[in-house]
Structures are given as structure tokens and as C-alpha cells.
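Data block below; observations after.
The values are calculated or read from the model by the stated rules, or taken from the named source; none is laboratory data. Remember, predicted model here, so these are calculated numbers, not experimental data. Reconstructed Cβ throughout: ideal geometry from the backbone, glycine too, with neighbour counts over all protein chains shown. Please note that ligands, DNA and RNA were not included when accessible areas were found on the heavy atoms of the full protein model with its side chains. Shrake-Rupley method; radii C 1.70, N 1.55, O 1.52, S 1.80 Å.
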Amino acid sequence: MTEHLSTGPIRFLGRTARESLTRQRGTVFWFYGLSGAGKSTLASAVEKALHEKGHLTTLLDGDLLRTGLNRGLGFSDDDRRENLRRAAEVARLFCHSGVITLCSFITPTKAFRSLARQIVGEDDFHEIFVKADFETCRARDVKGLYAKAEGGTVKQFTGRDSGFEEPDRADFTIDTTTSSESTCVDQLLAWMLPLIAPQ
Ligand code: ADP
């Protein structure tokens, strides 16, 4: 990989230099799944655990980004794509700064996941399918969105009006219907820690 990108007289600081300060490998972990599957719960619990171990992290959460960077985007296919494209570009910037970047987005289609992977780069991108069936998520209804979708006040709702494609094979699958939150976090950390070790 090119360490310094040359644009005339300016030479940007390289990734290796940044990672020498953070003493970890910049990495993107992309949590995806239905609303209420447990993406934000697990991403934030993992972030806290990594932080306590001395790692520099950040968390990009779909709901939060929609209030700022992605304000104004809706849930049409084009808007979802743009929402994820921007998120993946930001994740790449953090990753190249040596930060462990946890992303929490529904990312309903294989094509969207593939887009995010392509933007971040194959070597840095690790996808985590947070698995929970529609009925379980509906029963949890953490944000009241399932009730609103049924009442018709929320449209284009994933898993109901708008499809969700399960992966054929994810880098990691965590089933939140069969394991407790703390077990999920332990399993995730065991898989993640070797991936963020400095090279
Ligand atoms: P999402 O970010 O995918 O929309 P949330 O993390 O906001 O979902 O909500 C998931 C809900 O499921 C939370 O209320 C959480 O307590 C609950 N839950 C039950 N079991 C688990 C588990 N094993 N892992 C994560 N969340 C779980």
C-alpha cells in the first residue's frame, strides 16, 4: 500500500505513522441486521470493553448520523445507498487514522454491504450479521417503530415494506435470540481482538 500520497509539494502523513500512536490496527467492524436485532447494544458494549482495554474507538450509529451528516436522507433505495456510502467513507477515514471503527447500520441488502466493503477496503472491513428474526424484533420494539410501521406512520420499514437480505456467509454472525448480551460481547471480543492487533 502507498504510505504517502503525493500531490505535488504536499505529502500526507501515512497510516503507519498514525497507527504507531494508536498502537492498534485501524479496522472497521460493520454491524448489520433488522431494527431491534441488537446492533447498537452490541456495538456500544463492545466499544466500552475495547475502551477499557486501552483502545481508541469510535462508533458510527445509523440513527445518530441521520440527525447530522445524513440529515434529509430518507429510506428509499437511493437514499439508503447514499446514507451508507457516506457512512462507509467516514469509517474509512477513521480507520486510516488508526481508530477501531464500529458501525451500526441496518444495511439491508448484499449490494449495500458490498458497497461499504468496497469503499472501506477488503483488508479493513469486517461484517457482523446481528441475527434476530422479525417476530423477535417486533416483540422487542425498542424504539416503537414496529408499532408505528403497523399503524402506517412509518413507511418503507425494513423487514415489513422493504426487504432484508440475509447473508449467505458473513465474516461473523451473532444470534441475539439464542445468546445473552454478555455472551455475545464475549464472543465478539474473542474474534475481534486478533484483528486489531498491531501489524
Ligand atoms: P438495533 O440497534 O439493532 O436497532 P438495539 O440494540 O437498539 O437494536 O436494541 C436491541 C434490543 O434487544 C435491546 O433492548 C437489547 O436489550 C435487546 N437484546 C436482547 N438480547 C440481546 C442480545 N443478546 N444482544 C443484544 N441485544 C439484546
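Charged side chains reduced to their Cβ positions (Lys and Arg at +1, Asp and Glu at -1) give the chain a dipole of some 540 debye around its Cα centre.
Using alpha-carbon pairs under 8 Å, 6+ residues apart, how would you state the relative contact order of the chain in percent?
Working: 299 pairs, mean separation 61.7, N = 199.
Computed over the chain, the figure is 31 percent.
Entry for the range 67-199 at q = 0.19 Å⁻¹: log10 I(q)/I(0) = -1.32, Debye formula applied to identical alpha-carbon scatterers, no solvent contribution. For the range 107-190, a crude dipole built from +1 on the beta carbon of Lys and Arg and -1 on the beta carbon of Asp and Glu, taken about the Cα centre, is about 460 debye to the nearest 20. From the P(r) of the range 102-149, can you give the percent of Cα pairs sitting at distances over 17 Å? The share of Cα pairs beyond 17 Å in the range 102-149 comes to 47 percent.
For the range 74-180, the relative contact order is 32 percent, taking Cα pairs closer than 8 Å that sit 6 or more residues apart in sequence and dividing their mean separation by the residue count.
Build a GNM of the chain with springs between Cα atoms under 10 Å apart, and of GLY62, GLY36, GLY14 the one that fluctuates most is GLY14.
For the chain, the 222 nm mean residue ellipticity estimated from helices alone, with every DSSP H stretch of n ≥ 4 adding -39500 (n - 2.57) and the total spread over all residues, rounds to -13000 deg cm²/dmol. The loop-placed chymotrypsin sites (Phe, Trp or Tyr not before Pro) in the range 1-82, going by DSSP, that have at most 14 neighbouring Cβ atoms within 10 Å of their Cβ come out as PHE12.
Straight Cα distances below 28 angstrom link LYS143 to the lysines LYS39, LYS48, LYS110, LYS131, LYS155, with same-chain residues fewer than 8 positions distant left out. Starting from a Cα-only point model with no solvent, please compute log10 I(q)/I(0) by Debye for the range 140-199 at q = 0.15, 0.16 1/Å. Ignoring solvent entirely, the Cα scatterers give -0.71, -0.77.
Quick check for you: with a 1.4 Å probe and neighbouring chains kept, what is the accessible area per residue of the chain, in Å²? Numbers along the way, then the final one.
Values: 10350 Å² over 199 residues.
Accessible surface, normalised per residue, equals 52 Å².
Checking understanding here: applying a Kyte-Doolittle mean of at least 0.5 and a length along the axis of at least 18 Å (C-alpha), which whole DSSP H helices in the chain pass? Show your work: numbers first, answer last.
Numbers: long enough: 39-52 (20 Å, -0.22); 77-96 (28 Å, -1.21); 181-196 (22 Å, 0.98).
The qualifying helices are 181-196.
Hey, got a sec? Which trypsin sites (Lys or Arg not before Pro) in the range 153-188 land in a DSSP loop and have at most 14 other Cβ atoms within 10 Å?
Within the range 153-188, the qualifying trypsin sites (Lys or Arg not before Pro) (loop, at most 14 other Cβ atoms within 10 Å) are LYS155, ARG169.
Can you bin the range 37-130 into rounded, prolate or oblate? Criterion: square roots of the alpha carbon gyration tensor eigenvalues sorted a ≥ b ≥ c, rounded for a/c under 1.5, prolate for a/b above b/c, oblate for the rest. Don't skip to the end; give the middle numbers.
Working: a/c = 1.66, a/b = 1.44, b/c = 1.16.
It is prolate, given that a/c is not under 1.5 and a/b is the larger ratio.
When the chain is described by a simple charge dipole with +1 on each Lys and Arg Cβ and -1 on each Asp and Glu Cβ, the residue from SER104, ALA190, GLY36 located farthest towards its positive end is SER104. Exposed loop sites here are GluC sites (Glu not before Pro) assigned a DSSP state other than H, G, I, E or B and surrounded by at most 13 other beta carbons within 10 Å; excluding them, the longest clear run of the chain is 4-121. Farthest toward the positive end of the dipole of the chain, out of GLY62, ALA45, ALA132, is the Cα of GLY62, where the dipole comes from beta carbon charges about the Cα centre.
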